[in-house]
1. Is the range 359-373 home to any residue that is within 33 Å of the chain's Cα centre (by Cα) and modelled with pLDDT of 70 or more?
2. One residue is enough: does the range 100-122 have a residue meeting the conditions in a loop (DSSP other than H, G, I, E, B), touching an Asp or Glu at 6+ places or on another chain (Cβ under 8 Å) and of a type in the set (S, T, N, Q)?
3. Being acidic (Asp, Glu) and assigned to a loop (DSSP other than H, G, I, E, B) is the filter here, so list the residues in the range 123-146 that pass it.
4. Search the range 128-149 for residues that are on the phi > 0 side of the Ramachandran plot and pair each with any residue that is modelled with pLDDT of 90 or more and not in a strand (DSSP E or B) when their beta-carbon atoms are under 6 Å apart and the residues are at least 6 apart or on different chains.
5. Working only within the range 169-206, note down all residues that are under 25 Å from the mean Cα position of the chain (by Cα) and closer than 16 Å to ILE121 by Cα.
6. Please work out which one of (1) more than 17 Å from ILE224 (Cβ to Cβ); (2) touching a Ser or Thr at 6+ places or on another chain (Cβ under 9 Å); (3) modelled with pLDDT of 90 or more; (4) not in a strand (DSSP E or B) is the condition LYS87 fails and give its number.
7. If a residue has to be assigned to a helix (DSSP H, G or I) and at pLDDT below 75 to count, how many in the range 238-284 make the cut?
Amino acid sequence: MGTKLIANFFIALEAILSNMIRSLLTGLGIIFGVAAVIAMLAIGNGAQQEILEQIKLVGVNNIVITPIVEQIEEEIEEESFMMREPKYSPGLTLLDSRSLVEIIPGIERVSPEIIMETFLIKDGMRRSAKLVGVDSTYFDMTSFQFALGKNFNREQLEQGDPVCIIGRSIQTRFFSQEDPIGKRIKCGQHWLKIIGVLEQRLISDQSISNLGIRDYNMDVYTPINTMLIRYKNRSRLTSAIIQRANQNNNQNQEEEPKAPVNYHQLDRLVIQVAETSQLSATAEIMARMLARRHYRVVDYEITIPELLLKQQQRTKRIFNIVLGAIAAISLLVGGIGIMNIMLASVLERIKEIGLRLAVGAEQRDIVLQFLFEAMLISVSGGLAGIFLGWILAIIVSKVADIPTIISIFSILLAFGVAAGVGLIFGITPARRAAEQDPIASLRYE
């Protein structure tokens, strides 16, 4: 039995090699179909992975509140004109974050942030960077890992100690040959002691633009009280602010209005909710509560990044299903092409079939011969399609700047589908060949 199988296999292989051009044209449908499947699954996997990474960057079950400066100034002026009664807001402050935790149930953690453009100096080297005032919960909410050192402790947070945690790129630039823990770096006008270094985090340009995030590897983190005490506190009333306000009031109305001043103490407030199902309801309650605290002045924006990303994920999944269906149609067309060519091949080789049957070949041998031919064409086309799909995925990744991931599952799926197409669409021609009458076949012209 094994000898017959091998013999039928080599007869089929010889028939394919003797008609290379026709076999290649027959397998083109399979080649392009499999290549499309591989490329589409690679793009889909890349998109899925990118969205998961984006969710990690913004955190899980998070609600983000950001201040509005310019737009709200216009709203205040319009209300003042219409109602003759101006409304003023204290802006987004630490008191807002504490009130949200105390009043709204289901909130696990709150992370206030203050971001300031500054510069770093050490041993004559100077580099621009961002100084970020945060709480210790910030690193847990954003899934940061420490490469060296540790997080802020309670004493450092409450007293506003001059300490900091740096990104991995800061360490590479300023402490490439030494351990930065315990060393000091000048950040703006103050020297800060380094107590920790964060792990490297890879961030694509698309993630930065879509999510409004920054390159965390070049950030310096300090306790939020340190930021408020030693650097800037926009909610603090100073003589310079009063003097500027007097100058604005004394200005002639014909002069152009000055740009609105950012009066918000915080630049960002991230709230983590315990249950995903409570995200929308919690965001709505926050909006009502902040409206009361800000005297009905909506000078903030509330967004739920995870829901936006999941919607984006669902859209891409539907898009990938459509592309996969198109690729499957290509495979179907390729299978039909194999069946048509094999049926035509049966008509061309009736004498050969009759001769094999006359010298003792069984119908099973004829079936196996033509079935092997169909499967060899589809499988070889599948292998070529896998290679072509891999090349296409790389080209798409380089040219369109779209991440692609080729998985073992997609290769096995494409190969299995190619073999299945050859088997399914090769059965009918093989049976047609085996049903030929040997005597009639030998007489066929």
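The values are calculated or read from the model by the stated rules, or taken from the named source; none is laboratory data. It should be emphasised that the depicted structure is a prediction, and the values quoted were computed from it without experimental measurement. As a convention, Cβ positions derive from the backbone with ideal geometry for all residues, glycine included, and neighbour counts pool all protein chains shown.
1. Pass one, the range 359-373, residues within 33 Å of the chain's Cα centre (by Cα): none.
No.
2. No, that holds for no residue.
3. At the first step, the residues of the range 123-146 found to be acidic (Asp, Glu) are 123, 135, 140.
Answer for the range 123-146, where residues must be acidic (Asp, Glu) and assigned to a loop (DSSP other than H, G, I, E, B): ASP123, ASP135.
4. Listed pairs, sorted by first residue: GLY149/ILE181.
5. Step one: list which residues in the range 169-206 are under 25 Å from the mean Cα position of the chain (by Cα), which gives 169, 198-206.
The one that is under 25 Å from the mean Cα position of the chain (by Cα) and closer than 16 Å to ILE121 by Cα: SER169.
6. (3)
7. From the range 238-284, those assigned to a helix (DSSP H, G or I) are 239-249, 276-284; that's our starting set.
Next, only the ones that are at pLDDT below 75 stay: 239-249, 276.
Result for the range 238-284: 12.
Residue by residue, here is whether (1) in contact (Cβ under 8 Å) with a residue 60 or more places away in the chain; (2) touching a Phe, Trp or Tyr at 6+ places or on another chain (Cβ under 7 Å); (3) not hydrophobic (A, V, I, L, M, F, W, C) holds:
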site	(1), (2), (3)
SER89	yes, yes, yes
PRO105	no, no, yes
ARG109	yes, no, yes
PRO112	yes, no, yes
ASP123	no, no, yes
